[in-house]
Every structure is written in structure tokens, then in C-alpha cells.
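The values are calculated or read from the model by the stated rules, or taken from the named source; none is laboratory data. What you see is a predicted model, and the numbers here were worked out from it, not measured in a lab. Don't worry about glycine lacking a Cβ; one is built from the backbone with ideal geometry, like all the others, and counts go over all protein chains shown.
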Amino acid sequence: MSIRKAFFALVYDGQMARAEEAGLRDLRRHLLADASGEVLEIGAGTGANLDLYGPGVVSLTVTEPEPAMVRRLDRHVRERAPRATVLRAPAEDLPFEDDSFDVVVSTLVLCGVGDQPRALREIGRVLRPGGRLLFLEHVRSTDPKVARLQDRCNWLNRLVVCCECNRPTLDSIRSAGFEVGSVEHGTLPKAPPFVRPLIHGTARRPRAAGAGTPDLRTAAGS
Ligand SMILES: C[S@@+](CC[C@H](N)C(=O)[O-])C[C@H]1O[C@@H](n2cnc3c(N)ncnc32)[C@H](O)[C@@H]1O
């Protein structure tokens, strides 16, 4: 575990507090209102979403690879969602059988995974056919001027918040074979301009691979 990542875990909730108050928490609530059945949350961090899952959720499994985050997550699960299961795992290597979940949740995670195509492939693998990915991610801007700023500032973003601010994540979700249903473009509250562009919405694992439908287990650069 790097000292930087341990420090990030220590300050994460404090660092996000203003954004949560200024609207991020409402965006999370809106996204998770749609979660039901057997749910997996990847990169759960300190557990910011834990108390936003509704009664339609039959089981909740939360994964997180960083030990310092897992310690906080464990504590928050005990306090706020004692029936949830916590596992230490990266999104690129999920310790579940194929077709295990109805919903996978990713909030502010796909910006920081080491191998985004592989993580999306794993999400597709563990989702049942027709299962949904609920995502809320800060992304590369569609405005070329802002995208250039994001490219210039990416090193700083990586250093301070351990992720990339210039990833075209919606394109990656599509390339991985998901059918994007609803998607809204917004802004991450209280974030600097290069981290502001945000997408939130749902994407579905196709029920059956038809002509022209990429198979999620082989799409996205396998
Ligand atoms: C910005 S935080 C978001 C935490 C939480 N999802 C939230 O919405 O507050 C990014 C999280 O992704 C985790 N992460 C980093 N690399 C990852 C990977 N390869 N797979 C899954 N999660 C990862 C980090 O440890 C961190 O907890």
C-alpha cells in the first residue's frame, strides 16, 4: 500500500464533504434509487453510498482494493449496513462467478482503475444478462478546450486524488459492449474545472449477443 493512497483514504470523506453537500449526495441518491436485486458495488471507498440503498436491494456486496479504504469501509458497513458483505478486490479481478449480480454500481471509480477495459469486462462478466451498470463518473469533457486543460492537468489530478481526469468513460462503456440507456451530463460540485465534467446513468449488459453486439467477455481490448 502506498503512503499516498493511505493518505487519500484518511482525508477522503473530509475532502468530499463540500461536494456531497453541494449536490453529489443527491446525485448518488437519484442513481441508487434504481438499484434492486443482488447488487455489487465496486471501489466502494469509505462507503459513501451505503445508506442510500433502498428496500429493493436483496443483497449488497461491496468491494474495494485499498487496505486503508477497506478498514474504513468495514467500520461503516458495521455501523450503517450490517447485512452487506465487504471483500477486498480490484475491479479488474472480481472474485465472483459469471452472471452473479443484477446490478453493479460504480461511483467515481472508473477514473482510477488501472485497466479500465478489463474492469468493464469483469463488470460485464459478473452481471447477469440484462443486468445493469449504474455509473456516476467524472470524465473527459466533450468541449475540446476543457479536454485540453484536462490533458494538461492530469498529472496533478493523479498526484492529488489518485485518478485520471481525462478518460472518455462513456465511450469505454459502449466499447465494452454495454447498451447505454439513460445518461445525464452534469458537473461534479465544488470540483476544479478539469474534474468537473460528470456523467451518471445506466447501461445494460445485453440479454443475448446478436449480430453486431460485442460479447462483453471479449469486447474492450481482451
Ligand atoms: C474517488 S474514490 C470513490 C469511492 C466511492 N466509490 C465513492 O463514490 O465515494 C475511488 C475509489 O476507487 C478505488 N480503486 C482504485 N483502484 C481500483 C481498482 N483497480 N478497482 C476498484 N477500485 C479501485 C480507490 O481505492 C477508491 O476507494
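Among Gly114, Gly131, Gly124, which is outside any helix (DSSP H, G or I), out of contact with any helix residue (DSSP H, G or I) (no Cβ under 8 Å at 6 or more places or on another chain), within 16 Å of the ligand (Cβ to nearest atom) and not aliphatic (A, V, I, L, M)?
None of the others qualify; the one that does is Gly114.
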Quiz item: Could you say whether any residue in the range 183-203 is without any contact (Cβ under 8 Å) to a residue 12 or more places away in the chain, of a type in the set (Lys, Arg) and closer than 30 Å to Asp74 by Cβ?
Solution: no
Quiz item: Pairs, please: C-beta under 8 Å, at least 6 apart or cross-chain, first residue closer than 14 Å to Thr202 by Cα and in the range 160-177, second charged (D, E, K, R) and surrounded by fewer than 17 Cβ atoms within 10 Å (Cβ to Cβ)?
Solution: Gly177/Asp215
Quiz prompt | Residue tally, condition farther than 23 Å from Leu120 by Cβ and modelled with pLDDT under 95, over the range 15-47 | solution = 1
Practice problem: Run down Ala84, Ala147, Ala91, Ala119 and say which single residue is surrounded by fewer than 19 Cβ atoms within 10 Å (Cβ to Cβ), among the hydrophobic types (A, V, I, L, M, F, W, C) and on the phi < 0 side of the Ramachandran plot. | Solution: Ala147
Quiz item: Restricting the first residue to the range 39-66 and requiring it to be among the hydroxyl-bearing types (Ser, Thr, Tyr), which pairs with a second residue that is assigned to a loop (DSSP other than H, G, I, E, B) meet a Cβ separation below 6 Å and a spacing of at least six or different chains?
Solution: Tyr53/Ala35; Thr63/Ile42; Thr63/Ala89
Quiz item: Under the condition of being in a strand (DSSP E or B) and hydrophobic (A, V, I, L, M, F, W, C), which residue from the range 93-111 is farthest from Val183 (Cα to Cα)?
Solution: Phe101
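Val105: among the aliphatic types (A, V, I, L, M), under 30 Å from Val58 (Cβ atoms) and touching a residue at least 40 places away in the same chain (Cβ under 8 Å), yes or no?
So Val105 fits the description; yes.
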Practice problem: Tell me which of these Ala9 doesn't satisfy, since it passes every other one: (1) without any contact (Cβ under 8 Å) to a residue 60 or more places away in the chain; (2) within 12 Å of the ligand (Cβ to nearest atom); (3) closer than 23 Å to Pro82 by Cβ; (4) of a type in the set (Gly, Ala, Ser). | Solution: (1)
Quiz item: Of the residues in the range 62-92, how many are more than 12 Å from the ligand (Cβ to nearest atom), in contact with a strand residue (DSSP E or B) (Cβ under 6 Å, 6 or more places away or on another chain) and part of a loop (DSSP other than H, G, I, E, B)?
Solution: 1
Quiz item: Residues in the range 12-49 that are part of a helix (DSSP H, G or I), under 12 Å from Thr107 (Cα atoms) and within 12 Å of the ligand (Cβ to nearest atom): how many?
Solution: 6
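Scan the range 26-38 for residues that are in contact (Cβ under 8 Å) with a residue 12 or more places away in the chain and charged (D, E, K, R) and jot them down.
Across the range 26-38, the qualifying residues are Arg28, Arg29, Asp34, Glu38.
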Quiz item: On the given criteria, is Asn166 more than 14 Å from the chain's Cα centre (by Cα), in a helix (DSSP H, G or I) and surrounded by 18 or more Cβ atoms within 10 Å (Cβ to Cβ)?
Solution: no
